[in-house]
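Asker: Let me begin by handing over the structure; questions about it come next.
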Amino acid sequence: PSLVVKMLVWIVVIGLFWAVLMSVAKRSVKNAIERPGINGIFCEHLIEIDDAGFTESTDVNSGFHAWKGVESISETDNFVLITIRLGAIYFIPKRAFESDAERSAFIAAINDHIVSASVPPPPAFPT
């Protein structure tokens with residue numbers, strides 16, 4: 001087959017793949033919204049910090065991150081963001097804190113843990 005035919009076949013294959021992917025994503029979001037509280041996403045999350053790291057948990061799952069695996073903590077207008085090295089970002093709504101002072105203390109505590117556990121870059125990478 002000619003190059004044009006091959007390109008058309010690939011465009012159709014990619015288009016079908018994208019359509020299936022979008023359909024599955026929409027169905028997953030719809031199911032999560034229709035069944036709140038049992039999906040581990042659209043429900044209450046609890047963040048607990050200690051000297052070893054922090055644990056994020058819901059009614060259906062739990063995950064732990066050691067401080068040496070935490071890249072940073074920052075703020076936007078509406079969220080406190082905990083960024084994991086090479087991975088996820090935890091979005092904590094600012095409304096989850098009872099006061100600005102509580103939020104500031106939370107951020108300061110996490111920053112202290114991150115600094116204490118900082119991992120130096122490998123020798124091949126200058127600082």
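The values are calculated or read from the model by the stated rules, or taken from the named source; none is laboratory data. Treat the numbers as computed from the prediction; the structure is a model and nothing was measured. With ideal geometry, Cβ positions are generated from the backbone for all residues, glycine too; neighbour counts draw on all protein chains shown. Surface accessibility is based on the protein's heavy atoms, side chains included, excluding ligands, DNA and RNA. Shrake-Rupley method; radii C 1.70, N 1.55, O 1.52, S 1.80 Å.
Asker: With modelled with pLDDT of 95 or more, of a type outside the set (Asp, Glu) and more than 29 Å from ASN31 (Cβ to Cβ) as the only criterion, which of ALA117, ALA101, ALA124 stands out?
Answerer: Working: ALA117 fails: modelled with pLDDT of 95 or more; ALA124 fails: modelled with pLDDT of 95 or more.
One residue alone meets the criteria, ALA101.
Asker: I need a count of the residues in the range 72-86 that are open to solvent by less than 80 Å² (accessible area, probe 1.4 Å), in contact (Cβ under 8 Å) with a residue 12 or more places away in the chain and not in a strand (DSSP E or B).
Answerer: Quick first cut of the range 72-86, residues open to solvent by less than 80 Å² (accessible area, probe 1.4 Å) only: 72-74, 76, 79-84.
Filter once more, keeping what is in contact (Cβ under 8 Å) with a residue 12 or more places away in the chain: 72-73, 79-80, 82-84.
Imposing the further condition that a residue be not in a strand (DSSP E or B) reduces the set to none.
Within the range 72-86, residues that are open to solvent by less than 80 Å² (accessible area, probe 1.4 Å), in contact (Cβ under 8 Å) with a residue 12 or more places away in the chain and not in a strand (DSSP E or B) number 0.
Asker: Is the range 113-123 home to any residue that is out of contact with any strand residue (DSSP E or B) (no Cβ under 8 Å at 6 or more places or on another chain), open to solvent by 90 Å² or more (accessible area, probe 1.4 Å) and within 16 Å of ASP50 (Cα to Cα)? Reasoning before the result, please.
Answerer: Restricting attention to the range 113-123, the residues satisfying the condition of being out of contact with any strand residue (DSSP E or B) (no Cβ under 8 Å at 6 or more places or on another chain) are 115-116, 118-123.
So of that shortlist, the ones also open to solvent by 90 Å² or more (accessible area, probe 1.4 Å) come out as 115-116, 120, 123.
Of the ones still in play, those that are also within 16 Å of ASP50 (Cα to Cα) are 115-116.
For the range 113-123, residues out of contact with any strand residue (DSSP E or B) (no Cβ under 8 Å at 6 or more places or on another chain), open to solvent by 90 Å² or more (accessible area, probe 1.4 Å) and within 16 Å of ASP50 (Cα to Cα): present.
Asker: Checking the structure you have, find out if any residue of the range 21-41 is surrounded by 13 or more Cβ atoms within 10 Å (Cβ to Cβ), assigned to a strand (DSSP E or B) and modelled with pLDDT under 95.
Answerer: no
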